[in-house]
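What follows is a short report on a single structure.
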Amino acid sequence: MLELPYYPRPALLNKIRTAYESGLAAAICLFAPRREGKTWFVRRELIPALEKDDWCAIYIDLWDNREVPELAIVNSLEAKSPPPRAVLRRIKKLEVKVAGSGGSLEQFQDPADAEVSLQGRLKAALNRLAKKNAPVILIIDEVQTLASSRDANFVAALRASLQAHQGTVFAFFTGSSRNALNRMFRDRKAPLFDSAYPMSLDDLGRGFIEDRASVYKRLTGKDTNPDALEEVFDAVGKNPFYMNQIILKMIVDEINDPRQAHEQWELRDDDDGFKARWVKLKALHQAILAELAHQSDEGIYTEPARKRIAKRMGMSEPLKASVIQQGIRNLTKNGLVDSIGEPGRYELADRAFAHFIESGNG
């Protein structure tokens, strides 16, 4: 499959390296909605740069390990620094029970054998890693997955272990849910409260557009209009993943006009197509998303908002706040909306989908 070259973010990389090397931060949390380039940056720029400087980088994607994220973290740490054979035999015995039961490892933990509990394994693995002759960095992608962890003690143990090895073991978290990250790092009762320096993934600018135009010409031998590319880039919420998809469509389908390629890309009928995504939604969910796209500056539970949502559904009376609340819960669970941290205020998680709805498709 054709893949466009990665566009680097040297300013962000330098900012991160400075924060670690100066001692200003032992942990950093980078926020951006999904598909806006966090993982690309981590895998293609951050990790290679750190490894070039002889750091030991351990990457864990919790989005692919949502069932038992705690076990994914521990297994990844142990892969870099295996436990002694005797402990490993006990670990494997317990994990066989887990595999056959559908339960979590802790359910089968013998309280007398703290060495093979998840917390014990976490602490032991980080202790072994801290003895390496190089700084260690634990990179956890989509860390907000831990916000729904059933084991708050594990998250607390993670923080305590990182603090115990400050200056030797570092952490780099990424997250795509503002609401979940707030619950993890901003809530005073949360185990990770105020434990990571926050950073945001800034939007790419004109340089990215000119680079994509250059890539298009190199692959097709044709010029395209950078201003039209920038207009499309704005329309997809400055999302580089979506922009690359549109340029690939231009290349494969021999479309020279970025606006035409963008329109066809939005209306495609696969699962990721915005039109296909929209028509699968319930009427209530469509009405709530349309309200957020058109009136995002007003609380979703206010009477004017509830009237507009009802009107979009063909109803004359305002919907009850409880009905809208249930709709918001469902949309949040499915990753379509996110709280902005203020009562009754939400936003669409995907800025490109918001633009699609705002442009008259919702």
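The values are calculated or read from the model by the stated rules, or taken from the named source; none is laboratory data. As the structure is a computational prediction, the values presented were derived from the model and not from experiment. Note that we place each Cβ from the backbone using ideal geometry, even for glycine, and neighbour counts take in every protein chain shown. Heavy atoms of the whole protein, side chains included, go into the accessibility calculation; ligands, DNA and RNA do not. Shrake-Rupley method; radii C 1.70, N 1.55, O 1.52, S 1.80 Å.
Compute for the chain: radius of gyration divided by Kirkwood radius, i.e. Rg/Rh, restricted to C-alpha atoms, rounded to two decimals. Kindly include the intermediate steps, with their values, before the conclusion.
Details: Rg = 23.2 Å, Rh = 22.9 Å.
A ratio of 1.01.
Once the piece of chain linking Ala152 and Ala283 is laid out straight, how much longer is it, given 0.36 nm per residue of separation minus the C-alpha distance between them?
Stretched fully, the Ala152-Ala283 segment lengthens by 43.5 nm.
Tally the DSSP beta bridges in the chain and give the antiparallel ones as a percent, rounded to 5.
On the way: 3 of 23 bridges.
Of those bridges, close to 15 percent are antiparallel.
Any chance you could give the angle, 0 to 90 degrees and rounded to 10, that helix 118-129 forms with the longest Cα principal axis of the chain?
80 degrees
With just the Cα atoms defining each centre, how far is the stretch 128-175 from the stretch 199-257? Give it in Å.
First find each Cα centre; the distance between them is then 36 Å.
Over the stretch 250-362, what is the relative contact order in percent, taking alpha-carbon pairs closer than 8 angstrom and at least six residues apart?
Relative contact order for the stretch 250-362 comes out at 24 percent.
Expressed in nm to one decimal, what extension gain is obtained for the pair Thr168 and Glu347 from 0.36 nm per residue of sequence separation less their Cα-Cα distance? Walk me through the intermediate numbers first.
On the way: separation 179, 0.36 × 179 = 64.44 nm, distance 3.86 nm.
Roughly 60.6 nm would be gained on extension.
Give me the one-decimal nm value for the distance between modelled label points at Lys311 and Leu13, 7 Å along each residue's Cα-to-Cβ direction.
5.1 nm
Over the chain, calculate the relative contact order: mean separation of alpha carbon pairs under 8 Å at least 6 apart, over the residue count, as a percent.
Computed over the chain, the figure is 17 percent.
Under 5 Å between amide hydrogens, which residues at least 5 positions from Phe173 or on another chain qualify, with H placed 1.01 Å from N in the peptide plane?
Ile28, Cys29, Leu30, Ile140
Taking R0 as 25 Å, what's the FRET efficiency between Glu298 and Asp269 from their Cβ-Cβ distance, rounded to 0.05?
The value I calculate is 0.15.
7 Å from Cα along Cα→Cβ at both Val323 and Ser22: what's the point-to-point distance in nm?
5.3 nm
For the chain, what is the accessible area per residue in Å², given a 1.4 Å probe and the full set of protein chains?
That works out to 50 Å² per residue.
So, in nm, how far is label Asp211 from label Asp253 when the simple model puts each one 7 Å beyond its Cα toward the Cβ?
2.6 nm
From the phi of every residue in the stretch 241-249, what ³J(HN,Hα) in whole Hz does the Karplus formula 6.51 cos²θ - 1.76 cosθ + 1.60 yield, where θ is phi - 60° and glycine or proline is x?
4, 5, 4, 5, 4, 5, 5, 4, 5
Among Lys52/Lys131; Lys275/Lys307; Lys238/Lys280; Lys249/Lys275; Lys15/Lys217, which pairs are too far apart, with a Cα-Cα distance over 28 Å?
Beyond 28 Å: Lys15/Lys217.
Tilt of helix 206-220 relative to the longest C-alpha principal axis of the chain, in degrees (0 to 90, nearest 10)?
So the inclination is approximately 80 degrees.
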